[in-house]
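What follows is calculated from the coordinates using simple rules that are stated; it is not laboratory data. Being a predicted model, the structure only gives us computed values, none of them experimental. Cβ atoms come from the backbone with ideal geometry, glycine included; neighbour counts cover every protein chain shown.
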Amino acid sequence: MTHRPFCALLLLPLLFPVIRAADSPMTPPSPPPPAAFLRPGEVLELRMSYGIFTNAGTTRIETTREELEGLPQYRIKVTTRSRGLVDALYPVTNDSDSLLDFTTGRPLQIHIEGKSGSRPEKTTTVFDYLKGEVVHTDLIRPGKNSTAALPPEPAYDLMVAMLQARAWGLKPGESRRVLCANNADFYLIELTAVAEERISTPAGSFDAVVLVPKQLGELKGFFKRGGSMKVWISKGGHPQLVRLDTRAKFGTVTAVLTRSEVVEPKPPAAVAAAKPAE
């Protein structure tokens with residue numbers, strides 16, 4: 001996946017995909033079960049602002065339960081749209097679907113489809129646990145197709161990883177490491193809780209923990225270009241993703257929670273097995 005400056009900031013789900021946490025020396029004991037962070041029927045909506053543009057775009061996150069060849073799965077759908085003057089100057093649409101195993105929480109596929117300005121994007125990344133490989137297929141630019149060995153930890157995209165961070169319960173000074181995936185390429189990020197703050201959003205006021213991701217080792221993509229990020233996770237019995245700040249050389253995009261609810265889950269829907277495009 002190519003990270004483009006303005007698009008990367010607006011499309012928070014595509015900044016850098018992240019995969020399931022591996023223990024670091026400061027990881028709290030007794031981590032939650034792999035899929036404990038998933039909440040079937042959950043709907044989250046965030047509003048993005050950029051500089052003077054207070055309503056630059058929206059992101060909607062939905063978690064549903066489905067069945068794949070008779071086996072229960074989770075689908076996390078992230079829909080991002082530009083709005084207002086930003087949409088007139090540089091229209092952005094993005095749909096990202098992550099299909100996860102119901103029991104283990106490990107990913108089965110990530111499908112991304114959308115358009116940034118005049119540049120379309122349509123990719124599918126399939127995790128084949130029988131063959132032990134990750135197959136990335138670019139349906140528009142086949143020259144970017146790639147295959148790699150499965151890493152030791154399941155691979156998730158950014159928004160799924162942020163949902164997972166809700167279950168970590170990190171306190172200031174504590175850290176957790178996550179292995180990141182950019183298509184079929186992997187690198188390590190460490191998220192550190194740096195502070196506790198009271199913040200206000202359209203969805204309400206929250207006591208929150210501030211997490212700062214830092215890439216370890218050779219810098220790649222967003223981090224190589226000097227990008228940085230902060231994530232606010234609310235405290236209490238039902239922790240929630242309430243704010244994300246993404247900073248690059250040309251400014252900061254802030255996404256704040258506007259809606260959070262769990263609707264009555266529908267009966268699992270049957271879906272076809274994912275196959276790499278020929």
* Structure fact -> For segment 73-81, Karplus-derived ³J(HN,Hα) couplings (6.51, -1.76, 1.60; θ = phi - 60°; whole Hz; x for glycine and proline) come out as 9, 10, 10, 10, 10, 10, 10, 10, 9
* Separation of the Ala88 and Arg247 label points, Cα + 7 Å toward Cβ, nm -> 3.1
* Structure fact -> From the cross-link list Lys115/Lys224; Lys77/Lys144; Lys131/Lys249; Lys144/Lys249, the entries with a Cα-Cα span beyond 31 Å are Lys131/Lys249
* **Total formal charge among the other residues, if their Cβ is under 11 angstrom from that of Glu196, Lys/Arg +1 and Asp/Glu -1** => +1
* Could you pull out every residue, at least 5 positions away or on a different chain, whose amide H is within less than 5 Å of the one on Asn183? Hs are placed 1.01 Å off N in the peptide plane, and Pro or chain starts have none. => none
* Taking 0.36 nm per intervening residue step and subtracting the Cα-Cα distance, what contour gain separates Leu219 from Asp207 on full extension? -> 1.1 nm
* Structure fact -> Under the 7 Å Cα-to-Cβ spin-label approximation, Thr104 and Glu196 lie apart by a distance in nanometres of 3.7
